[in-house]
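**Q** Next up is a structure, given as structure tokens.
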Amino acid sequence: MKNDKNSKLEELSLLFEISQILDKSMDIKQIIEPVLEAVAEKLGMMRGTITVLNRATGEIFIEAAYGLSTSQMEKGKYLLGEGITGKVIQSGQPMIVPNVSKEPLFLNRTGARKNLRKKDISFICVPIKNGNEVIGAFSADRLFEETVSCTEDVRLLSIIASMLAQAIKLRQSVNEEKQQLLEENTRLQEELKNRFRPSNIIGNSKNMQTVYDLIAQVSRSDATVLIRGESGTGKELVAHAIHYNSPRSSKPFIKVNCAALPETVIESELFGHERGAFTGALATRKGRFELANSGTIFLDEIGDLSPTTQVKILRVLQEKEFERVGGNETIRTNVRVIAATNRNLENLMDQDLFREDLYYRLNVFPIHIPPLRERKSDIMLLADFFIEKYSNQNHLNIRRISTPAIDLLMAYHWPGNVRELENCIERAILLSTDEVIHSHYLPPSLQTAESTGTRLHSTLPEALDDLERELLMDALKSTKGNMAKAAKLMGITERIMGLRIAKHGINPKSFRPRVKAS
């Protein structure tokens with residue numbers, strides 16, 4: 001009786017000690033280690049583990065342990081129903097393995113018992129429940145003794161498990177949310193890589209192949225890149241491709257449009273500022289260079305920077321350091337710089353508007369993006385890409401571009417480059433009522449004599465004649481040159497169809513599929 005009484009007192013003392021630990025915090029990181037140490041001391045536990053179930057993946061992992069190394073804990077992963085731990089969490093019922101050497105279900109996945117005599121170890125595992133939901137398990141190793149029953153240990157461990165349940169539940173939610181964020185971050189990183197890899201820059205022309213080769217060569221290094229080209233050619237897309245194919249791809253990519261920021265705030269945006277540095281500086285703020293540390297900063301329209309800011313950019317490139325506005329602390333940074341401009345920097349240097357030393361620091365690896373008028377063979381590839389993109393976005397089904405519309409696209413000189421082409425296609429898709437992009441859906445700028453070399457409509461009959469010719473050609477294209485089907489499609493007789501075709505000088509045979517010679 002005395003021993004039973006002492007045992008009860010020790011049990012109550014242990015539970016009281018655990019309750020005091022739990023009163024201090026519900027953060028499992030703070031409480032779990034002292035709880036396991038208290039249990040080990042009072043019960044003679046050789047090893048103990050708290051495992052938690054990830055409900056999203058079904059994986060069970062060790063959250064905390066006593067008597068296990070970090071590497072052993074990392075090995076202790078199970079699925080529902082796998083091993084003793086997996087079966088306890090799946091069933092919600094405790095299990096006792098009096099002698100682990102005689103139990104085939106005991107996996108010893110952590111490897112903690114491989115240097116011990118397995119026959120001397122008993123293993124007890126009880127579920128941790130939050131209401132009726134099993135959220136984890138509490139397991140313990142004890143020395144095996146044939147004369148000692150483990151029933152009392154199961155009862156005590158079950159009580160402790162219920163005391164820990166709320167803290168474990170909070171930890172389970174945190175782990176699951178963290179896992180979701182990691183998976184989402186991985187997904188977004190992959191999406192960005194896929195979106196901005198060179199193969200997703202549309203164009204097969206010889207000029208663009210040269211650009212792709214340069215991207216591949218420079219991406220592997222940390223060299224400063226200067227991207228040059230007219231507005232709308234895709235300089236930012238090239239900068240993205242370089243970053244997301246470089247060793248820094250998992251690090252930040254920070255964009256700065258130098259032309260969009262007033263001179264009064266550009267320095268603060270780039271380098272940050274200290275609290276009270278100027279009116280309105282209510283708190284210390286990190287600048288773009290600081291945010292881009294270990295990653296890449298893209299300085300777009302760098303030719304628009306003021307001489308004062310150019311000096312500070314030069315220092316960052318040379319010394320890899322800067323100070324925040326209003327601050328004295330020198331901040332070191334490891335940033336790759338990619339700059340872009342549509343301006344003639346050489347002319348700006350002649351006018352003393354751009355520093356020569358900064359120019360040579362930036363122009364380590366220049367890449368020139370050709371204007372769209374110099375890559376005519378890419379126009380239809382880009383048009384098809386934008387048709388698919390905006391058709392999906394607007395839930396429309398655009399099947400093709402009419403021949404006259406193609407003629408206009410190919411004849412135009414595209415001063416706004418790829419950006420202008422994208423806007424034209426998006427507008428035409430929204431105007432289309434018959435799943436076809438016709439020439440009259442394109443902007444007026446494409447339909448002037450000066451821009452296309454085509455005749456400007458001076459009268460209504462001329463405009464109607466051009467529209468009729470376009471509709472006839474579309475019908476013949478749809479029917480592969482079959483005049484009877486084309487006439488039916490247009491709702492006119494074959495005779496009228498023949499007269500109209502003759503009037504406009506259209507050859508139906510040109511729309512028939514070419515038969516390959518055998």
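**Q** Kindly indicate whether any position in the range 297-315 is farther than 28 Å from Gln209 by Cα, touching a strand residue (DSSP E or B) at 6+ places or on another chain (Cβ under 7 Å) and in the same structural domain as Cys258 (by TED's automatic domain parsing).
**A** Looking through the range 297-315, at least one residue is farther than 28 Å from Gln209 by Cα, touching a strand residue (DSSP E or B) at 6+ places or on another chain (Cβ under 7 Å) and in the same structural domain as Cys258 (by TED's automatic domain parsing).
**Q** Any idea which of Glu176, Glu183, Glu133 is among the acidic types (Asp, Glu), modelled with pLDDT of 80 or more and surrounded by fewer than 17 Cβ atoms within 10 Å (Cβ to Cβ)?
**A** None of the others qualify; the one that does is Glu133.
**Q** On the basis of being assigned by TED's automatic domain parsing to the domain that holds Val335, at pLDDT below 90 and within 14 Å of His240 (Cβ to Cβ), does Ile201 make the cut?
**A** Answer is yes for this residue.
**Q** Is one or more of the residues making up the range 331-354 part of a loop (DSSP other than H, G, I, E, B) and among the aromatic types (Phe, Trp, Tyr)?
**A** Yes - at least one qualifying residue is present in the range 331-354.
**Q** Shifting gears a bit: Among the residues of the range 138-147, are any modelled with pLDDT of 80 or more, aliphatic (A, V, I, L, M) and outside any loop (DSSP other than H, G, I, E, B)?
**A** There is at least one residue in the range 138-147 that is modelled with pLDDT of 80 or more, aliphatic (A, V, I, L, M) and outside any loop (DSSP other than H, G, I, E, B).
**Q** Might you let me know whether the range 361-373 holds any residue that is more than 21 Å from Ile202 (Cα to Cα), surrounded by fewer than 20 Cβ atoms within 10 Å (Cβ to Cβ), β-branched (Val, Ile, Thr) and outside the structural domain of Ile215 (by TED's automatic domain parsing)?
**A** Scanning the range 361-373, I find no residue that is more than 21 Å from Ile202 (Cα to Cα), surrounded by fewer than 20 Cβ atoms within 10 Å (Cβ to Cβ), β-branched (Val, Ile, Thr) and outside the structural domain of Ile215 (by TED's automatic domain parsing), so the answer is no.
**Q** Only one of Asn293, Asn328 is touching a Ser or Thr at 6+ places or on another chain (Cβ under 7 Å) and assigned by TED's automatic domain parsing to the domain that holds Asp357. Can you tell me which?
**A** When all the criteria are applied, what remains is Asn293.
**Q** If you scan the range 219-241, which residues turn out to be part of a helix (DSSP H, G or I), in contact with a helix residue (DSSP H, G or I) (Cβ under 8 Å, 6 or more places away or on another chain) and either surrounded by fewer than 21 Cβ atoms within 10 Å (Cβ to Cβ) or of a type outside the set (Gly, Ala, Ser) (or both)? Please lay out each step first, then the result.
**A** So the first thing to find is which residues in the range 219-241 are part of a helix (DSSP H, G or I), and the list is 219, 235-241.
Next, only the ones that are in contact with a helix residue (DSSP H, G or I) (Cβ under 8 Å, 6 or more places away or on another chain) stay: 219, 237-238, 240-241.
Ser219, Leu237, Val238, His240, listed by residue number.
**Q** Can you find a residue that is within 28 Å of the chain's Cα centre (by Cα), surrounded by 15 or more Cβ atoms within 10 Å (Cβ to Cβ) and closer than 23 Å to His440 by Cβ anywhere in the range 388-397?
**A** For the range 388-397, residues within 28 Å of the chain's Cα centre (by Cα), surrounded by 15 or more Cβ atoms within 10 Å (Cβ to Cβ) and closer than 23 Å to His440 by Cβ: present.
**Q** Let me ask something else. Inside the range 408-490, counting only helices (runs of 4 or more DSSP H) that do not spill past its ends, which hold 2 or more residues that are modelled with pLDDT under 90?
**A** Fully inside the range 408-490 and qualifying: 449-452, 460-478, 483-490.
**Q** Then there's this: Please tell me if Glu10 is of a type in the set (Asp, Glu) and modelled with pLDDT of 85 or more.
**A** It is false that Glu10 is of a type in the set (Asp, Glu) and modelled with pLDDT of 85 or more.
**Q** Right, something else. Exactly one of (1) touching a residue at least 40 places away in the same chain (Cβ under 8 Å); (2) touching a Lys or Arg at 6+ places or on another chain (Cβ under 6 Å) is unmet by Phe61. Its number?
**A** (1)
**Q** For the range 82-119, give me the residue count where each residue is assigned to a helix (DSSP H, G or I) and at pLDDT 75 or above. Walk me through how you get there before you give the answer.
**A** Applying the first criterion (assigned to a helix (DSSP H, G or I)) to the range 82-119 yields 83-91, 100-102, 118-119.
Retained after the next criterion (residues that are at pLDDT 75 or above): 83-91, 100.
The qualifying residues number 10.
Every residue, every condition in (1) over 30 Å from Asn423 (Cα atoms); (2) under 24 Å from the mean Cα position of the chain (by Cα), yes or no:
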position: Val218; (1), (2): yes, yes
position: Ser221; (1), (2): yes, yes
position: Arg228; (1), (2): no, no
position: Ser231; (1), (2): no, no
position: Leu237; (1), (2): no, yes
position: Val265; (1), (2): yes, no
position: Glu269; (1), (2): yes, no
position: Glu274; (1), (2): yes, no
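**Q** If you don't mind, another one. For the range 491-513: of the residues being among the polar types (S, T, N, Q) and not in a helix (DSSP H, G or I), which is surrounded by the fewest Cβ atoms within 10 Å (Cβ to Cβ)? It would help to see each step written out before you state the result.
**A** Here is the first cut: in the range 491-513, the residues among the polar types (S, T, N, Q) are 493, 507, 510.
Within this subset, residues satisfying the condition of being not in a helix (DSSP H, G or I) are 493, 507.
Values: Thr493: 12, Asn507: 10.
Applying the filter and picking the extreme gives Asn507.
The values are calculated or read from the model by the stated rules, or taken from the named source; none is laboratory data. Nothing here was measured: the structure is a model prediction, and the numbers come from that model. Positions of Cβ are generated from backbone atoms using ideal geometry, with glycine treated the same way; all protein chains shown enter the neighbour counts.
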